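First up is the structure itself, then whatever we jot down about it.
Every number here is computed from the coordinates shown, using simple stated rules; none is lab data. Note that the structure is a prediction, hence the values are computed from the model and not measured. Cβ: placed from backbone, ideal geometry, glycine included. Neighbour counts: every protein chain shown.
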């Protein structure tokens with residue numbers, strides 16, 4: 001039987017189309033994926049992301065040493081309230097998972113991991129944490145809601161107390177505020193402004209209903225995927241996995257090379273690949289003909305196959321097919337993608353595919 005989030009019955013009441021996602025019953029859409037996509041781009045939408053894995057490390061000193069070894073980015077860059085996006089690598093530099101880590105000051109650190117990788121992530125973390133004597137525990141008592149869109153913060157004014165709302169609005173992206181048992185982070189997976197709220201599972205349905213009353217539209221996984229793709233955000237299992245490094249997955253910017261004496265898992269392999277030159281490049285593709293791009297479609301330059309798409313979809317904002325792709329280095333400005341046996345012309349771009357206010 002699939003697992004269910006604390007908001008499962010809320011989804012049923014709204015007539016959501018539920019699908020299995022990483023062993024969870026999750027809403028794909030509530031009637032129109034296209035409408036939900038535009039709702040987030042133009043106003044405000046909310047997503048149940050309670051299937052994500054939240055792990056707390058209460059000892060800041062032991063955990064800091066652990067995370068500087070466990071993660072490719074460097075938590076020494078953090079300070080209380082600051083968040084960091086990073087990859088967790090294996091010994092060959094392959095990506096075990098991509099995640100966000102939050103500095104909670106004296107309360108330690110919080111990691112938010114992908115749902116589908118929960119078991120292997122925790123299996124990987126456990127012996128490393130034991131080595132550093134860093135205690136940790138999974139927070140399966142929490143739920144998580146994402147409120148995203150250009151009107152997201154304005155909608156929250158009716159939900160949060162005045163002081164908390166002002167503090168959230170004044171905070172910068174990738175910062176978090178804790179208030180009244182809620183952990184409110186200026187993060188998201190849509191390319192829009194907004195927050196991700198972690199709170200007690202038993203309180204989540206009440207917050208969901210209040211957001212509905214405030215005019216925030218419920219949105220499912222379908223819109224979340226097209227939104228993140230337009231924003232050039234990677235999806236684990238598609239755009240990177242344990243066989244690919246950050247350097248060939250468009251995530252080289254998440255690797256902290258300084259200081260040079262910081263040893264982290266996978267560093268030696270990454271340094272070797274960097275010295276030799278990454279054999280592949282990670283690019284964006286915009287289809288110039290009618291059609292829809294999907295993952296696992298071959299990319300061609302003339303008569304030569306040069307790579308494959310990793311994520312693809314029809315972009316509701318651009319009204320054309322877009323994709324992320326891993327190709328041999330040196331690709332030009334144009335290429336072709338094999339779509340159902342026909343090679344369609346595509347323009348090579350640097351993600352993101354859309355520009356949003358910073």
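Across the alpha-carbon set of the chain, the Rg to Rh ratio works out to 0.97, Rh being the Kirkwood radius. Across all C-alpha atoms in segment 192-343, the radius of gyration and Dmax reach 19.4, 58 Å.
Peptides 118-130, 320-332: what's the order by average Cβ count within 10 Å, highest mean first?
320-332, 118-130
Rg/Rh for segment 246-310 (Cα atoms only, Rh after Kirkwood) is 1.11. To the nearest whole percent, what portion of all C-alpha pairs in segment 127-218 is separated by more than 23 angstrom? Pairs farther apart than 23 Å: 27 percent.
log₁₀ I(q)/I(0) of segment 67-181 at q = 0.20 Å⁻¹, via Debye over equal Cα point scatterers, no solvent, to two decimals? For segment 67-181 at q = 0.20 Å⁻¹, log10 I(q)/I(0) is -1.23. By definition, a body whose alpha carbon gyration tensor gives a ≥ b ≥ c is prolate when a/c is 1.5 or more and a/b is larger than b/c, and segment 1-76 fits this prolate description.
Rg and Dmax over the alpha-carbon atoms of segment 49-94 stand at 11.9, 32 Å.
What are the equivalent ellipsoid semi-axes of segment 312-358, built from the alpha-carbon gyration tensor (square roots of five times its eigenvalues), in whole angstrom, biggest first?
Working through the eigenvalues yields semi-axes of 20, 16, 8 Å.
Taking the Cα centre of each part, how many Å lie between segment 278-357 and segment 239-263? Centre-to-centre distance over Cα atoms comes out at 23 Å.
Could you work out the percent of alpha carbon pairs in segment 211-276 separated by over 15 Å, rounded to a whole number? Summing the P(r) of segment 211-276 above 15 Å gives 65 percent of all pairs.
Under the rule of -39500 (n - 2.57) per DSSP H run of 4 or more residues, summed and divided by the residues of the chain, what mean residue ellipticity at 222 nm is obtained, to the nearest 500 deg cm²/dmol? Please report the intermediate quantities before stating the final value.
Values: 9 runs with 85 residues, N = 358.
Only helices count here, giving -7000 deg cm²/dmol.
For segment 160-278, the Cα-based Rg and Dmax, in that order, read 19.0, 56 Å.
Using the Cα coordinates of segment 279-352, the gyration tensor eigenvalues translate into equivalent-ellipsoid semi-axes of 17, 13, 10 Å, sorted from longest to shortest.
The base-10 log of I(q)/I(0) for segment 1-138, evaluated at q = 0.10, 0.17, 0.18, 0.22 Å⁻¹, reads -0.43, -0.96, -1.02, -1.23 [Debye formula, identical scatterers on Cα atoms, solvent excluded].
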